[in-house]
1. If you count, for every residue in B:199-209, the Cβ atoms of partner chains within 10 Å of its Cβ, what is the mean?
2. Of the accessible area of segment B:25-167, with the probe set at 1.4 angstrom, what percent is carbon plus sulfur?
3. Suppose each label sits 7 Å from its Cα in the direction of the beta carbon; what would the A:LEU242-A:ILE203 distance come out to in nanometres?
4. Can you pull the one-decimal nm distance between simple spin-label points at A:SER191 and A:ARG159, each 7 Å off the Cα toward Cβ?
5. Estimate the FRET efficiency between B:ASP152 and B:LEU84 by the formula 1/(1 + (r/R0)^6), using the beta-carbon distance for r and 30 Å for R0, to the nearest 0.05.
6. Calculate for the protein assembly as shown the 222 nm mean residue ellipticity that helices alone would give, adding -39,500 (n - 2.57) per DSSP H run of length 4 or more and normalising by residue count, nearest 500 deg cm²/dmol.
7. What do the square roots of 5 times the Cα gyration tensor eigenvalues come to for segment A:4-82, in whole Å, largest first, as semi-axes of the equivalent ellipsoid?
8. Among DSSP beta bridges whose residues both lie in the protein assembly as shown, state the antiparallel percentage, nearest 5.
Amino acid sequence: MKHYEVEILDAKTREKLCFLDKVEPQATIAEIKTLFTKTHPQWYPARQSLRLDPKGKSLKDEDVLQKLPVGTTATLFFRDLGAQISWVTVFLTEYAGPLFIYLLFYFRVPFIYGHKYDFTSSRHTVVHLACLCHSFHYVKRLLETLFVHRFSHGTMPLRNIFKNCTYYWGFAAWMAYYINHPLYTPPTYGSQQVKLALTIFVICQLGNFSIHMALRDLRPAGSKTRKIPYPTKNPFTWLFLLVSCPNYTYEVGSWIGFAIMTQCVPVALFSLVGFTQMTIWAKGKHRSYLREFRDYPPLRMPIIPFLL
Amino acid sequence: MASSEEDGTNGSSEAGDEKEAIGKRRRLGFLATVWLTFYNIAMTAGWLVLAIAMVRFYMEKGTHRGLYKSIQKTLKFFQTLALLEVVHCLIGIVPTSVLVTGVQVSSRIFMVWLVTHSIKPIQNEESVALFLVSWTVTEITRYSFYTFSLLDHLPHFIKWARYNFFIILYPVGVAGELLTIYAALPYVKKSGMFSVRLPNKYNVSFDYYYFLLITMASYIPLFPQLYFHMLRQRRKVLHGEVIVEKDD
């Protein structure tokens, strides 16, 4: 069996960083990354990007050396992706924050509102309901992160955790401040409005969860396979007939429900920003589905049925 | 940052995107080229008119007091028209990011309409004259640079000016803006302008005074970034240095 030689050059400076000889032809990129870490321990595999062309796309961990368009001496270019952090860690941190922060405002911990309000309780039912909904939402997210989601990537750049936590924690504090404020004004149409909003919220939370479960069942544990998601017996998944990312659709719906329930502009703004971001993600996902699967259902839109 | 120089070109051959090689020509449609040339000539002319008006005012009156009032209509017209630059980026006839252009134009609009126009007592501050002068020189240089680039006859002096004037003009302009906002603070606090208080049925509040404080604070991280970005561009364009950029 012929062995390969692999030389790894820095993508920017072309400096020779590492030379590996006697590499098995069936070696995967993941294994090559492990070998590279031995000579450069500060670059653990998660922060390595190896590519065939300095400006090209990163090779996947599963790619096999033999199947790549290289000769028996392969030249790979290395890019440092920077310090990495696991997706699970990021999700847990960014979701635990809002859960905890909202409660600080709900219990009117000192130094937030005037001292005469310390540890007092709102006299509006909707405020207690809002706390339940908000807390339920983030507990659900934490549990899904731990038990439901199957992540394609193990890690993301470290700076993302600061960016993401600022967003989630900042908005949570901003919303919670007004909803739990002693001068909070309950919704204009009273309990009718609250009941309608709560219904929307609950339906969308169930919907979102159903989609997460359906997506989980698409992919066996430990694999990174991608398949077209289809509606199941669960009626909440029938939204797959009309959109590629019904999980995002339901998520936006939940927050719209919460905004109507609390009649609070910061909540509406948070919904809007979230909607914008999720639309970008949905369009990206929709495009990759279309690229990968010839028989992708043509009726589907990325996030809003028929519209967007 | 109101007085910052946007690296993107209003349709000129020098691409705003750092990753593109300097001098690489972008294929622009004929209509787009005509429109952008017209736009940049118009803006150059507009800011030239402002410059002349300011010089004449000072020669006649010998003071900066009343300067803003005398040029405000022209200033508002041409500075507000710059919103079109965001559209240019959106439709792709200018290769700069919509976000960068949006931030820069917004900060100018903010300074003109939400500070100087709205807070009358500060209109005669020296700092207003300071940023007005800085903006005027910057914009005349910038728009004539774009115009000449589009017409493929860029005089070396204009290129030199565009990549050197900012070294002084940018900090001077920032100083003028910050001092103006600072001068406006007491009037904003007293009048409670642009502010919304609790309780109200939308459960939101907004305090323009604190908003201005936060805006001033935001100059601290933003100004150095934009300034050093321009310095890097300058080195690349004028001295052809190969800079290894930190990848985002």
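1. Across the residues of B:199-209, the mean count of other-chain Cβ atoms within 10 Å is 5.
2. Roughly 70 percent of what the probe reaches on segment B:25-167 is carbon or sulfur.
3. Between A:LEU242 and A:ILE203, the label points sit 1.0 nm apart.
4. Each label point lies 7 Å from its Cα, and together they span 5.2 nm.
5. 0.85
6. -19000 deg cm²/dmol
7. Rounded to whole Å, the semi-axes are 17, 13, 12.
8. Of the beta bridges lying entirely in the protein assembly as shown, close to 65 percent run antiparallel.
The values are calculated or read from the model by the stated rules, or taken from the named source; none is laboratory data. Just so we're clear, the structure is a prediction, and the values are computed from it rather than from any experiment. Positions of Cβ are backbone-derived with ideal geometry, glycine not excepted, and every protein chain shown enters the neighbour counts. Remember, those area values only see protein heavy atoms, side chains included, never the ligands or the DNA or RNA. Shrake-Rupley method; radii C 1.70, N 1.55, O 1.52, S 1.80 Å.
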